[in-house]
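Worksheet: the structure to be examined is printed underneath.
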Amino acid sequence: MVALPGAVLFACNFNRVRSPMAEALLKLAHGRTIFVDSVGLKREPGETEVDPFAAAVIDELGGDLHGFKPKVFDDLEDESFDLVVSLTPEAQHRAVELARGRAVDIEYWPTLDPTLADGSREQRLDAYRQVRDELARRIRERFGRASTFGG
């Protein structure tokens, strides 16, 4: 049995692709058992929504990123997380700063940036699916599967 943290924060560079996907995947796996949030280091001017390819590949699994609003660390109302998972080297540095003087675990999960993929729409979606599937695998390994009654 895996001891689950009460609150998890996923962090990346812009909070439009990788960290929202990780947030959605952990919510799919554990529902409200764990409080989950995600942030980025910076926000591009005019960027107010999640990447549409990220939303599409999460939707394929029954998750929902429509209406998701990207956040940065300064937008957090509470910084009381038990675990911060950074997905980029830059976010790892900020996670270490956040954890300084606090009882918080930090993990670094290097994650490719699917926005760098070229090709057709389907080839680009495949790059996002690969990132989604890798994040889902890591989430299963780290947090286990949620237990359910009768299944």
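The values are calculated or read from the model by the stated rules, or taken from the named source; none is laboratory data. It should be emphasised that the depicted structure is a prediction, and the values quoted were computed from it without experimental measurement. With ideal geometry, Cβ positions are generated from the backbone for all residues, glycine too; neighbour counts draw on all protein chains shown.
Consider the range 19-48 and keep the residues that are modelled with pLDDT of 95 or more and among the small types (Gly, Ala, Ser). The one that is surrounded by the fewest Cβ atoms within 10 Å (Cβ to Cβ) is SER38. Entry remark, the range 96-147: residues being assigned to a loop (DSSP other than H, G, I, E, B) and either within 17 Å of the chain's Cα centre (by Cα) or under 23 Å from GLY31 (Cα atoms) (or both) number 10 in total.
Among the residues of the range 6-18, those that are buried (at least 24 other Cβ atoms within 10 Å of the Cβ) and closer than 15 Å to HIS93 by Cβ comprise LEU9, ALA11, CYS12. Exactly one residue out of PHE143, PHE68 is of a type outside the set (A, V, I, L, M) and touching a His at 6+ places or on another chain (Cβ under 8 Å): that is PHE143.
Exactly one residue among ASP51, ASP59 is within 20 Å of CYS12 (Cα to Cα) and surrounded by 12 or more Cβ atoms within 10 Å (Cβ to Cβ), and that residue is ASP51.
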